[in-house]
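What follows is a short report on a single structure.
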Amino acid sequence: MKNKLTIIAKAKQTILEESNAIANIAELVDQNFENAIHCINNSKGRVIITGIGKSANIATKIVATFNSTGTPAIFMHAADAIHGDLGNVLEDDVVICISKSGNTPEIKVLVPLIKNYGNKVIAITGNTSSFLGTNADYTLNTYVEKEACPNNLAPTTSTTAQLVMGDALAVCLLELKGFTSKDFAKYHPGGALGKRLYLRVSDLIKNNELPQVSEEDTIVKVIVEISEKRLGVTAVIKNKAIVGIITDGDIRRMLSKNTDIERFKAKDIMSKNPKTIGTDAMAIEALETLESNSITQILAVDTQNNYAGVVHLHDLIKEGIF
């Protein structure tokens, strides 16, 4: 038990130390940051992000975030750069160099070469007085007092700080570019995230049956329609418009109170003015409507407000949206 408590306490300590360090970094953001943002935004080229060791790992993540939020970027390992990969750097590119110390041998060789090409250099470093910090065009300070590692050796807090600074750059750039959720969907077409951004109600209902009855149809006809179409619901239609809805729950409640179903018609048990959703609405909107109303199906209507289909909670689950 003691070991378990010690582990939990250490985990909490690590998280708190890193979160406090990140809070301190917010105070270090200055005009250099804004200038760096405008430098990237005004550039006609890409952003080349480089580093070595754990900083290189952070660089790859920042590259991925930039690319997915509308800022073209590529990763260049600092060691490989001085052995041929400098050919990746084109005339209009901006280079971001990431280094905790700012004094690693590879960075000392790389930075002058980049500047000789005429490219702007943005430093992300924990040591603003280092070689990188003093030779970059814009220096972003990610100083941390110590690593979360008990030996103050393994890059932990420092790499988190670099990562957060990269996120800050990406978010500011996407807002400056007016990057919208539609743009985001363009770069994320796969998986549940992409589907949340582009999948519409029309996509969900196209493979579903279209259960429908009229107001004067018998309860037997209603039961058969709900059973055959397998959506647990049927719309009640008049002149192509929805006048009501009947669910399998409505049927069960009626049967629990009445045995003489011959005298009932659809209009007697339907719920009038049911909630509907347009076929052009996003699938995520359908999910939000289902959740907020504690229902599992909703009827879809076209632009003329005519009945178009049924969205079932199972459709959203199948698509990975729920």
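The values are calculated or read from the model by the stated rules, or taken from the named source; none is laboratory data. Bear in mind that the values here come from a model prediction, so they are computed numbers and not experimental data. Because the Cβ atoms are built from the backbone with ideal geometry, glycine has one as well, and the counts that use them run over all protein chains shown. The protein model used for the area step is the full one, side chains on, heavy atoms only, and it has no ligands, DNA or RNA in it. Shrake-Rupley method; radii C 1.70, N 1.55, O 1.52, S 1.80 Å.
Could you run through segment 281-322 and say how many residues are small (Gly, Ala, Ser), farther than 11 Å from ILE205 by Cα and in contact with a strand residue (DSSP E or B) (Cβ under 9 Å, 6 or more places away or on another chain)?
2
Condition first: closer than 16 Å to ILE321 by Cα and loosely packed, with under 12 Cβ neighbours inside 10 Å. Now tell me which residues in segment 292-308 satisfy that.
Selection gives SER292 alone.
I'd like the full set of residues that are touching a Pro at 6+ places or on another chain (Cβ under 7 Å) and either among the β-branched types (Val, Ile, Thr) or more than 23 Å from CYS172 (Cβ to Cβ) (or both), limited to segment 1-46.
Passing the criteria: none in range.
Residues in segment 260-269: is at least one assigned to a strand (DSSP E or B), modelled with pLDDT of 95 or more and not aliphatic (A, V, I, L, M)?
Scanning segment 260-269, I find no residue that is assigned to a strand (DSSP E or B), modelled with pLDDT of 95 or more and not aliphatic (A, V, I, L, M), so the answer is no.
Show the residue pairs meeting these rules: Cβ distance below 7 Å; 6+ apart or different chains; first residue within segment 38-60 and closer than 27 Å to PRO105 by Cβ and of a type in the set (D, E, K, R); second residue open to solvent by 50 Å² or more (accessible area, probe 1.4 Å) and not in a strand (DSSP E or B).
From segment 38-60, the pairs are ARG46/PRO72; LYS54/PRO155.
Can you name the condition, by its number, that LEU113 falls short on among (1) open to solvent by 40 Å² or more (accessible area, probe 1.4 Å); (2) under 21 Å from ILE62 (Cα atoms)?
(2)
I'd like the residue in segment 212-240 that is of a type in the set (D, E, K, R) and within 37 Å of the chain's Cα centre (by Cα) and, out of all such residues, is surrounded by the most Cβ atoms within 10 Å (Cβ to Cβ).
Per the criteria, the residue is LYS229.
When you scan segment 116-158, how many residues do you find that are crowded, with 23+ Cβ neighbours inside 10 Å, polar (S, T, N, Q) and outside any loop (DSSP other than H, G, I, E, B)?
The number of residues fulfilling the criteria is 4.
Is it true that ASP280 is assigned to a helix (DSSP H, G or I) and either under 13 Å from ALA308 (Cα atoms) or open to solvent by less than 90 Å² (accessible area, probe 1.4 Å) (or both)?
No.
Within segment 244-277, can you find the residues that are of a type in the set (Asp, Glu) and either over 16 Å from GLU215 (Cα atoms) or open to solvent by less than 40 Å² (accessible area, probe 1.4 Å) (or both)?
ASP248, ASP250, ASP260
Listed here are the residues, each with its yes/no results for (1) aromatic (Phe, Trp, Tyr); (2) under 27 Å from the mean Cα position of the chain (by Cα); (3) farther than 14 Å from ILE242 by Cβ.
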position	(1), (2), (3)
ARG252	no, no, yes
SER256	no, no, yes
MET270	no, no, no
SER292	no, yes, yes
ILE295	no, yes, yes
GLY309	no, no, no
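Looking only at segment 309-319, how many residues end up being buried (at least 21 other Cβ atoms within 10 Å of the Cβ) and of a type in the set (Lys, Arg)?
0
Please find, among ASN24, ASN67, the residue that is under 15 Å from THR125 (Cα atoms), within 27 Å of the chain's Cα centre (by Cα) and in contact (Cβ under 8 Å) with a residue 40 or more places away in the chain.
ASN24
Give THR289, THR303 a once-over and let me know the one that is of a type in the set (Ser, Thr, Tyr) and either in contact with a Cys (Cβ under 6 Å, 6 or more places away or on another chain) or in a loop (DSSP other than H, G, I, E, B) (or both).
Of THR289, THR303, the one residue that is of a type in the set (Ser, Thr, Tyr) and either in contact with a Cys (Cβ under 6 Å, 6 or more places away or on another chain) or in a loop (DSSP other than H, G, I, E, B) (or both) is THR303.
Quick check on segment 129-137. Is at least one of its residues in contact (Cβ under 8 Å) with a residue 60 or more places away in the chain and under 14 Å from ALA26 (Cβ atoms)?
Looking through segment 129-137, none of the residues is in contact (Cβ under 8 Å) with a residue 60 or more places away in the chain and under 14 Å from ALA26 (Cβ atoms).
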